[in-house]
Amino acid sequence: MEMVSLHDSLPLFSRLVYGLWRLADDQDTSDGRVIAKIEACLEQGITTLDHADIYGDYACEALFGRALKSRPDLKDACQHISKCDIMLLSDHFPDRRVKYYDTSAEHVTASAETSLQRLGIDALDLLLIHRPDPFMDPADTGRALDNLIDAGKIKAAGVSNFKPWDLDLLQAHMRHPLVTNQIEISPLATNAFVNGDIAKAQTLGIKPMAWSPLAGGALFGNSDRATALRAVMQPIADSANVGLDAVAIAWLLAHPAGILPVMGTNNLDRIGTLSSAMDVSIDRQQWFAIYEAATGQEVP
Ligand SMILES: NC(=O)c1ccc[n+]([C@@H]2O[C@H](COP(=O)([O-])OP(=O)(O)OC[C@H]3O[C@@H](n4cnc5c(N)ncnc54)[C@H](OP(=O)(O)O)[C@@H]3O)[C@@H](O)[C@H]2O)c1
């Protein structure tokens, strides 16, 4: 597995990241099953794991932390990412009347501490502000993130779903650098290539992460676009002797921005072959053939 540096303050991250959003959706959420997933990732060198406070209606981090208690040796074998600021309407929070974002220093700090406690770890490798907050006081949020880094509770901070101007705003109020922007990118979600999101990351020299790189499974659905994409990707998969999922991931890996795909299958067999994407090389014309099928038109 290729290991990449997001910042000097951080351990190296695996180029492929495994996301835990769907952990609580699995029929089997036993400790043994969770450990089997982590081990399947680690066997391929996938060491970086992506969490968020809200995943599974606030259940996933605790499920993961409970499993980790039975295998504390795995704690330091992984890099742990989490996120905060989305305030879900949830039975756990009966006082909430509306879904909202909270980037206040008080909430960001408390959320990071709760994630540490649920995961059962001493420090997060990375904390991301999950969504841009139209009510953000950037000085307050920036100070909270800087303080969490200074206190050793998080090793670095980043953002998710931020537009270039949101990133600039928060960064302007921080001493420490924002080290990534985790955004939606897949063959069925290509806007980031042209809307400035990837250009911003490249301008700053930060590596973006791609969430739902298989479009949350929609790449294998019956839509015309997915069908057209599979028709273009299948010969590449056949000649590399890998699955279509590996070709889709390889398409993201081929981009010069150094994208880190964050994958989320709950299927142990699929987890076991995630790294096959690293064996596929996509040349410029293959990249554009997939892009053409993705956008439904030849580039001008
Ligand atoms: N920052 C954000 O705002 C944000 C938003 C969304 C997600 N994320 C992160 O990104 C991670 C990945 O998201 P994701 O789970 O949507 O990623 P994904 O890898 O694009 O999609 C996973 C889904 O695709 C299905 N799938 C995978 N391979 C398949 C195949 N060969 N055939 C049919 N179905 C297949 C999986 O089903 P099976 O489980 O049955 O394989 C699963 O339901 C999350 O865990 C989370 O960490 C972040």
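Structure notes:
- Share of carbon and sulfur in the accessible heavy-atom surface of the chain [1.4 Å probe, %]: 49 percent
- Taking 21 Å as the straight-line reach from the Cα of residue 155, the lysines in range (excluding those fewer than 8 positions away in the same chain) are 75, 83, 207.
- For the pair residue 220 and residue 97, a Förster radius of 41 Å applied to the C-beta separation gives a FRET efficiency near 0.60, rounded to the nearest 0.05.
- Order by protection proxy (mean Cβ within 10 Å, highest first), peptides 196-208, 117-129: 117-129, 196-208
- Angle in degrees between helix 224-240 and the longest Cα principal axis of the chain, rounded to the nearest 10: 80 degrees
- From the alpha carbon centroid of region 67-88 to that of region 176-202 is 24 Å.
- Cα long-axis angle, helix 138-150 against the chain (0 to 90 degrees, to the nearest 10): 90 degrees
- Here each label is just a point 7 Å from Cα along the line to Cβ, and for residue 267 and residue 122 those points are 4.0 nm apart.
- The helix-based estimate of mean residue ellipticity at 222 nm for the chain, built from -39,500 (n - 2.57) per DSSP H run of four or more residues and divided by its residue count, is -11500 deg cm²/dmol to the nearest 500.
- Remark on residue 128: its backbone amide H falls under 5 Å from those of 82, 83, 84, 158, a criterion applied only to residues 5 or more positions apart or on other chains, H modelled at 1.01 Å from N.
- Distance from region 35-58 to region 229-300 (C-alpha centre basis), Å: 21 Å
- Extension gain from residue 9 to residue 33, taking 0.36 nm per residue of separation minus the Cα-Cα distance: 5.4 nm
- Accessible surface calculations at 1.4 Å, restricted to protein heavy atoms, place the chain at 44 Å² per residue.
- Extreme residue, positive dipole direction of region 11-184, given options 64, 178, 77 (C-beta unit charges): 77
- Only beta bridges with both residues in the chain are counted; by DSSP, about 15 percent of them are antiparallel.
- Efficiency of FRET between residue 202 and residue 146 - r from beta-carbon atoms, R0 25 angstrom, step 0.05: 0.50
- Packing here is the average count of other Cβ atoms within 10 Å per residue, and on that basis the peptides 51-63, 243-255, highest first, run 243-255, 51-63.
- Gain on full stretching of the segment that runs from residue 299 to residue 139 - 0.36 nm per residue minus C-alpha separation: 53.4 nm
- In the chain, the C-alpha radius of gyration followed by the widest Cα-Cα span (Dmax) gives 18.9, 56 angstrom.
- Note on residue 98: accessible area approximately 90 square angstrom, rounded to 10, probe 1.4 Å, nucleic acids and ligands left out.
- Residue-span extension gain [residue 71 to residue 113] - 0.36 nm each, minus C-alpha spacing: 13.0 nm
- Take the Cβ atoms of residue 288 and residue 2, set R0 to 25 Å, and the FRET efficiency comes out at 0.60.
The values are calculated or read from the model by the stated rules, or taken from the named source; none is laboratory data. Keep in mind it's a predicted model, so treat the numbers as computed, not measured. Here Cβ is always computed from backbone atoms with ideal geometry, including for glycine, and neighbour counts include all displayed protein chains. What goes into the accessible areas is simple: the full protein's heavy atoms, side chains included, and nothing from ligands, DNA or RNA. Shrake-Rupley method; radii C 1.70, N 1.55, O 1.52, S 1.80 Å.
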